[in-house]
Amino acid sequence: MITNLAFSPVIAGIGWEPEIRGALTVLVGSLVLFGSVWLILNTNLGNRLGSLISLVGFFGWMFIMGIVWWIYGIGLQGDRPTWEPREIIFGDLSESESHVAQLGEDNIATIRASELVDIYCPGLVDATVAVQRQRYVEENSDLVIDYEPPKAYCTESVAEKLAVDEETIADNLRIANVNLSSDAGDRGISDSRVLSDAELEEKITQRIDDQKRKLNQLSLSDLAAINEDIINDARDDGILDFNGWKLQSSSAAGEAIATADAFLVSDPATPFYGGSSDDFFVLDTFQKGGKPKRGSDGIGDRVWNEIRNTIVFWHPTNTVVVSVAPTLDKELVPGEAPPFPEIDSEGQIINVVMVRNLGTLRLPAALTTIGSALAFLGLCYMLHQRDKELIRRTEEWDESPAT
């Protein structure tokens with residue numbers, strides 16, 4: 001009984017899935033596969049030659065497998081590429097001692113995202129392109145030839161993401177409230193989610209205000225995620241100029257934003273330490289450096305970009321700046337989605353400067369490939385020398401006089 005109790009932690013440890021059992025699985029598999037081949041070769045060729053041939057086959061297979069791991073970044077992996085925070089700038093970016101100060105210079109041209117929408121897609125948030133065209137033709141029937149249609153990217157799908165449709169919001173909330181009331185009546189119960197007329201109108205007003213606030217607080221990065229052509233036209237026309245920096249859309253900068261969020265709530269040097277990502281609102285994200293990107297999705301640009309990046313062995317420093325603004329505290333209503341965050345107009349903007357760490361994702365695979373290749377060549381050379389020695393001794397034996 002004492003012996004069984006003494007070995008019970010060992011048995012429990014072997015059954016632990018993530019570590020010990022996995023290691024034992026690999027060990028047993030190696031002994032069964034590699035060990036069985038080695039055992040057969042040893043019984044037929046002898047201990048020394050059998051072991052040598054087994055090692056040649058093993059390192060040859062590891063060399064081929066290492067090439068696959070190295071190319072695709074799988075198998076033995078090192079640290080993945082990450083963004084490393086390097087600097088926190090409170091307020092004006094021109095106070096930075098690095099090249100990030102270029103984003104805070106006076107010659108930077110910028111404009112609010114909502115104003116850009118009004119310039120390049122006038123009336124988009126109030127009507128679709130078809131409605132605008134019909135309205136213009138009806139009111140200016142004599143000037144149809146001079147009609148200049150909106151930009152091709154001012155589509156209805158873009159309008160749906162930017163517009164504040166008060167009627168649709170009100171109708172949806174009223175229909176949902178009627179359905180809840182009808183369902184509660186059929187079941188003969190009282191549902192606390194059913195709103196009175198006054199509460200329903202208050203909720204409609206609140207939801208419309210949230211949508212308007214969302215449009216007013218639309219950042220340039222969010223607008224780039226909705227339609228980047230508007231940003232490109234504004235840059236070509238000189239309305240936007242970031243002094244060599246590139247504005248990243250909120251979708252393309254997802255990893256950088258997530259890293260900045262985690263850093264802001266975990267670093268004691270930030271005012272959001274110990275809080276949550278609801279305490280601030282992400283504004284714009286800017287990027288500069290790194291290897292050059294292709295200009296388009298054409299075959300020529302793809303091929304040239306691959307050749308150029310292959311020739312350039314060094315990796316230029318890739319810097320990103322994520323700007324956030326503090327938000328006002330909002331009261332959360334149980335059972336409802338949290339309200340859209342409202343930026344604190346008196347709060348100070350905080351900029352997180354991060355540099356790309358390319359990591360060592362393929363380094364273990366590269367070392368495995370190179371080491372296996374050297375071991376494979378060395379063992380092959382030993383086999384070659386052994387064959388030469390065997391041939392020499394065989395010739396000496398044939399030439400020796402018979403006794």
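The values are calculated or read from the model by the stated rules, or taken from the named source; none is laboratory data. Small disclaimer: the values here were computed from a predicted structure and weren't measured. No Cβ is skipped: glycine too gets one built from the backbone with ideal geometry, and neighbour counts run over all protein chains shown.
General remarks:
- Selection within the range 276-314 - of a type in the set (D, E, K, R) and over 30 Å from THR327 (Cβ atoms): LYS291, LYS293, ARG294, ASP297, ASP301, ARG302, GLU306, ARG308
- Pairs, first more than 9 Å from PHE63 (Cβ to Cβ) in the range 359-380, second of a type in the set (Ser, Thr, Tyr) and not in a loop (DSSP other than H, G, I, E, B), C-beta under 8 Å, six or more apart: GLY359/THR82
- Candidates in the range 110-129 are the residues that are surrounded by 18 or more Cβ atoms within 10 Å (Cβ to Cβ) and of a type in the set (Ser, Thr, Tyr); of these, the one that is modelled with the highest pLDDT is TYR120.
- Residue tally, condition in contact (Cβ under 8 Å) with a residue 24 or more places away in the chain and not in a loop (DSSP other than H, G, I, E, B), over the range 196-231: 23
- Taken over the range 154-181, the criterion of being in a loop (DSSP other than H, G, I, E, B) and either modelled with pLDDT under 70 or closer than 20 Å to ASP209 by Cα (or both) is satisfied by ALA163, VAL164, ASP165.
Here is a yes/no grid of residues against (1) hydrophobic (A, V, I, L, M, F, W, C); (2) on the phi < 0 side of the Ramachandran plot:
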position: TRP245; (1), (2): yes, yes
position: ASP267; (1), (2): no, yes
position: GLY274; (1), (2): no, no
position: ASP297; (1), (2): no, yes
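- Among the conditions (1) within 22 Å of GLY347 (Cβ to Cβ); (2) in contact with a helix residue (DSSP H, G or I) (Cβ under 8 Å, 6 or more places away or on another chain), the only one that ASP278 does not satisfy is (2).
- Among all positions in the range 60-73, there is at least one residue which is of a type outside the set (Ser, Thr, Tyr), touching a residue at least 60 places away in the same chain (Cβ under 8 Å) and over 23 Å from GLY378 (Cα atoms).
- Of everything listed in (1) touching a residue at least 12 places away in the same chain (Cβ under 8 Å); (2) out of contact with any strand residue (DSSP E or B) (no Cβ under 8 Å at 6 or more places or on another chain); (3) among the basic types (Lys, Arg), the single unmet condition for ARG294 is (1).
- ARG193 fulfils the conditions (1) outside the structural domain of ASP279 (by TED's automatic domain parsing); (2) part of a helix (DSSP H, G or I); (3) in contact (Cβ under 8 Å) with a residue 40 or more places away in the chain; (4) surrounded by fewer than 16 Cβ atoms within 10 Å (Cβ to Cβ) except for a single criterion, (2).
Per-residue answers, yes or no, for (1) more than 24 Å from the chain's Cα centre (by Cα); (2) of a type outside the set (A, V, I, L, M):
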site	(1), (2)
GLU202	yes, yes
GLN206	yes, yes
ASP210	yes, yes
LEU218	no, no
GLU228	no, yes
ALA234	yes, no
ASN243	yes, yes
ALA256	no, no
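- Residues satisfying the stated conditions in the range 317-345, i.e. in contact with a Pro (Cβ under 9 Å, 6 or more places away or on another chain) and at pLDDT 80 or above: PRO326, THR327, LEU328, ILE343, ASP344
- Complete set of residues in the range 252-279 that are outside any loop (DSSP other than H, G, I, E, B), in contact (Cβ under 8 Å) with a residue 24 or more places away in the chain and closer than 18 Å to VAL355 by Cβ: GLU255, ALA256, ILE257, THR259, ALA260, PHE263, LEU264
So that you can scan it fast, the table gives a plain yes or no per residue for (1) surrounded by 12 or more Cβ atoms within 10 Å (Cβ to Cβ); (2) on the phi > 0 side of the Ramachandran plot; (3) assigned to a loop (DSSP other than H, G, I, E, B):
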position: LYS291; (1), (2), (3): yes, no, yes
position: ASP301; (1), (2), (3): yes, no, no
position: VAL324; (1), (2), (3): yes, no, no
position: GLN348; (1), (2), (3): no, no, yes
position: THR360; (1), (2), (3): yes, no, yes
position: ALA366; (1), (2), (3): yes, no, no
position: ALA375; (1), (2), (3): yes, no, no
position: ARG392; (1), (2), (3): no, no, no
position: ASP398; (1), (2), (3): no, no, no
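- Within the range 331-346, if we keep just the residues that are in contact (Cβ under 8 Å) with a residue 40 or more places away in the chain and under 29 Å from VAL194 (Cα atoms), the residue that is surrounded by the fewest Cβ atoms within 10 Å (Cβ to Cβ) turns out to be GLY335.
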